[in-house]
């Protein structure tokens, strides 16, 4: 065969392997694409077409129809997406959790497996029409993303002897057996579970009422009916997680309780879990009341939980251990019999290589101690940041080879006399000639603000071509994310992007209670605002941000995330009410954002400031917010860390001629 023909055939085969077109009809179920993906590969999806439902006025695009009240009583494969949306999943087992494809998505595969695509709709739906899906591989698997060669600590008999075999109810009656262990960080564990469709279950009836009301307002399926309190290590569960369809939540759901062990395993955090699968109702033999009936084969639930976590791509190693005096047959606290092979599943999560909170703590504490740009007395550094560090790190002069640009959040135009990081920006310019600008954006959509940011950057960098470090605060983060996604020519001008309490994942507040924002405006006595507040709030809705992240899941420039975390006692007067509301979802919040929603995917995590969403960046002391948070020290520490991380700390202390006015 001539060499040219062979090469042509080979190119054709490789081209098919890199790109494939599939028709997804409305009346089809899950479709096997015939494509086996590998962890670390980047795949791009583009879809067109429409589906027509008999009871819908509009046709569904690949993004799906807007969710309505009737969606609360429908069962969807992916509850966060609208009816008719194009979805995908890797694998065909019970724990395979779908992801939104929509009209466009680029995604790094988290696990190896066969790719399936389908329609987000109830099983009996038969809409007319079809979607045309074009999928292509744009990046090969990266060994760092798909392999882990490090050592993990074994679970020894000595460790197992410290773990109770069973949980107990408040009266001390033994119940469910411990059937799995997880070693890994708290945030990492929560994110892996949430990404796979698990939800954090309400802790109390009060949380149920609050979160149920908010869920109804935002037309989201509500899955978090509370679990009873069970105990281990002399305390109730730290978290309860559930996984189910909204219609069957009352009767059926996968669920487990998990406790953080009061000891670590060679420095790894250990979580102890007990999981069962509710399959109906039964009579509680303690009091005769109605309770849940479980599948007596508790090993099935152990495997479901394990498969689900493995599907997140965060599990690097698994093992089974059988403790001494293991439990193979027993009864739940309410008297139902169950059985097991007695083994405990052990799951090791990938070490968080991109978490630099400890290192950032050195920068912050050293700036606070040595430079103290905010003035005043601050006491222990640990009062202000969750992972404090040393105070004697060398702090050379700040280089002026780069410049910073702050993009503030919603309401910034209403409080132009209290701009974000004002003192920090001034302090760096006075001390080192380091230039920091602020782009005052209106209360408008992220798409509209992205255009304003791009226009500003083109004009300013034409006169001053130094690389820019963008600092996005609150809604400034999604505004910058959209700008980087839609203005590719500007990416080369951006050295890095720092998100501070950034609404990357949106907020339940924007979904549910926009009136709460009006309350803030009244308390802060804002002046005249620019833009349309309701339009700006729409960009902060969780579904809007999730759709954006589905289409643009990977940062376009080097990205860092710093969050704020408060509590009921610390929160300022303006944030206290919303903190309580968000605590129904997760106590780790800043009064506006849940902690995990403030971490940009695939960014370097810098840690958490111990304050609320407003006080971390804005000087609201006179209005009752927590007084004198060291914002200037925080701002300087962030920039010092990033400049060092970029390898530019040794740059000249004065800019070369022609680089614009550094003042």
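Data for the structure
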quantity	calculated
Residues that are farther than 18 Å from residue 192 by Cα and under 20 Å from the mean Cα position of the chain (by Cα), drawn from the range 65-81	81
Residue 33, sole failed condition from (1) closer than 19 Å to residue 138 by Cα; (2) buried (at least 18 other Cβ atoms within 10 Å of the Cβ)	(2)
Single condition residue 601 does not satisfy, out of (1) touching a residue at least 60 places away in the same chain (Cβ under 8 Å); (2) in a helix (DSSP H, G or I); (3) out of contact with any strand residue (DSSP E or B) (no Cβ under 7 Å at 6 or more places or on another chain)	(2)
Count of residues meeting criterion [free of Cβ contacts under 8 Å to residues at least 40 places away in the same chain and in contact with a strand residue (DSSP E or B) (Cβ under 6 Å, 6 or more places away or on another chain)] in the range 332-346	0
Index of the failed condition, residue 120 passing every other in (1) buried (at least 17 other Cβ atoms within 10 Å of the Cβ); (2) farther than 18 Å from residue 275 by Cα; (3) outside the structural domain of residue 37 (by TED's automatic domain parsing)	(3)
Test: residue in the range 456-465 that is crowded, with 22+ Cβ neighbours inside 10 Å and closer than 19 Å to residue 421 by Cβ	no
Residue that is exposed (fewer than 15 other Cβ atoms within 10 Å of the Cβ), more than 30 Å from residue 60 (Cα to Cα) and touching a residue at least 40 places away in the same chain (Cβ under 8 Å), where the choices are 164, 170	170
Conditions (1) touching a helix residue (DSSP H, G or I) at 6+ places or on another chain (Cβ under 6 Å); (2) at pLDDT 95 or above; number of the one not met by residue 643	(1)
Filtered residues of the range 67-108 (kept if assigned to a loop (DSSP other than H, G, I, E, B), at pLDDT 90 or above and within 20 Å of residue 34 (Cβ to Cβ))	91, 98, 101
Residue list for the range 341-380, restricted to those being crowded, with 20+ Cβ neighbours inside 10 Å and part of a loop (DSSP other than H, G, I, E, B)	373, 374
Top-ranked residue in the range 425-443 [being under 28 Å from the mean Cα position of the chain (by Cα) and surrounded by 22 or more Cβ atoms within 10 Å (Cβ to Cβ); ranked as modelled with the highest pLDDT]	441
From 42, 134, residue being on the phi < 0 side of the Ramachandran plot, surrounded by fewer than 16 Cβ atoms within 10 Å (Cβ to Cβ) and not assigned by TED's automatic domain parsing to the domain that holds residue 548	134
Among the residues listed as 419, 388, the single one being assigned to a loop (DSSP other than H, G, I, E, B) and at pLDDT 95 or above	388
Yes/no for residue 479 being in contact (Cβ under 8 Å) with a residue 60 or more places away in the chain, closer than 25 Å to residue 615 by Cβ and surrounded by 24 or more Cβ atoms within 10 Å (Cβ to Cβ)	yes
Residues of the range 301-340 that turn out to be part of a strand (DSSP E or B), closer than 14 Å to residue 179 by Cα and in contact with a helix residue (DSSP H, G or I) (Cβ under 6 Å, 6 or more places away or on another chain), as a count	1
Extreme residue, surrounded by the most Cβ atoms within 10 Å (Cβ to Cβ), among residues of the range 542-560 that are in contact with a helix residue (DSSP H, G or I) (Cβ under 7 Å, 6 or more places away or on another chain) and not in a helix (DSSP H, G or I)	560
Residue that is surrounded by the fewest Cβ atoms within 10 Å (Cβ to Cβ), among those in the range 562-585 that are at pLDDT below 80 and assigned to a helix (DSSP H, G or I)	573
Unmet criterion (only one of (1) at pLDDT 90 or above; (2) assigned to a strand (DSSP E or B)) for residue 64	(2)
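Every residue, every condition in (1) in the same structural domain as residue 485 (by TED's automatic domain parsing); (2) surrounded by fewer than 18 Cβ atoms within 10 Å (Cβ to Cβ); (3) under 19 Å from residue 137 (Cα atoms); (4) in contact (Cβ under 8 Å) with a residue 12 or more places away in the chain, yes or no:
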position	(1), (2), (3), (4)
66	no, yes, no, yes
83	no, no, no, yes
105	no, no, yes, yes
112	no, yes, yes, yes
115	no, no, yes, yes
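The values are calculated or read from the model by the stated rules, or taken from the named source; none is laboratory data. Since the model is a prediction, treat every value here as computed from it, not as a measurement. Cβ: placed from backbone, ideal geometry, glycine included. Neighbour counts: every protein chain shown.
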